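I have placed the structure first, in the form of structure tokens, so that the comments after it can refer back to it.
The values are calculated or read from the model by the stated rules, or taken from the named source; none is laboratory data. The structure displayed is predicted, hence computed values, not measured ones. Ideal geometry is used to build each Cβ from the backbone, glycine not excepted, and the neighbour counts take in all protein chains shown. Remember, those area values only see protein heavy atoms, side chains included, never the ligands or the DNA or RNA. Shrake-Rupley method; radii C 1.70, N 1.55, O 1.52, S 1.80 Å.
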Amino acid sequence: MQVDRRIMSCRTSVSFSTLLNALDGLAAPEGRILIMTTNFPTRLDSALIRPGRIDRIFSLPLATRIMIRDIFLRFFPDETDRAEVFSRMLPPDQFSMATLQAFLMEHKNSSEDAIVMAAARAPPSVQAMATSVDDGHDIRFETRRVAETGDGRENDDREVKEEEEEEEEDDD
């Protein structure tokens, strides 16, 4: 993709040519590591990212289930069962690792709190509930489908089943 360099130079006091010279021109220092970041790699001018100017390109994708589990284990190394629960609770490819790290930093003192708070943020189509078992150490993971009722409310399967049973009793 070609970028209109005139537009770029209007937005900043450094021209595109000056930027390229700073990167690898005669005055550019040797033996340095330059890191460039962007959220829009497809918008970069090919002259900026040509081989020789940019040696390596790394992509930092959104977190997969494995990445979610692994970052949980960085905060709570001995909690593999809870890490599995946490990784199944959050949808993959929805959160950056930075977002997950910030979330876990907020709950770094309690893996159970992290799971309970993540449960509150679960997608509405699948509400994840984390409840403590009697000893307060293990976590039981339960998912429940959410059903839309005719009046616009959401009920889980148990409430829908109870309402259906009540309607059947009324019909008898």
Next item on the list: Quick one: order S59, S111 from most to least accessible surface, probe 1.4 Å.
Entry: S59, S111
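Quick one: putting +1 on the C-beta of Lys and Arg, -1 on the C-beta of Asp and Glu, what dipole do you get for region 29-106 around its Cα centre, in Debye to the nearest 20?
The calculation lands at about 340 debye.
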Check: Can you give the accessible area of I54, probe radius 1.4 Å, in Å² rounded to 10?
Finding: 40
Margin query: At R0 = 41 Å, how high is the FRET efficiency between M36 and R88 if r is their beta carbon distance? Nearest 0.05 is fine.
Written below: 0.70
Note to self: Using a 1.4 Å probe on the protein heavy atoms only, what accessible surface does T42 show? Give it in Å² to the nearest 10.
What the structure shows: 110
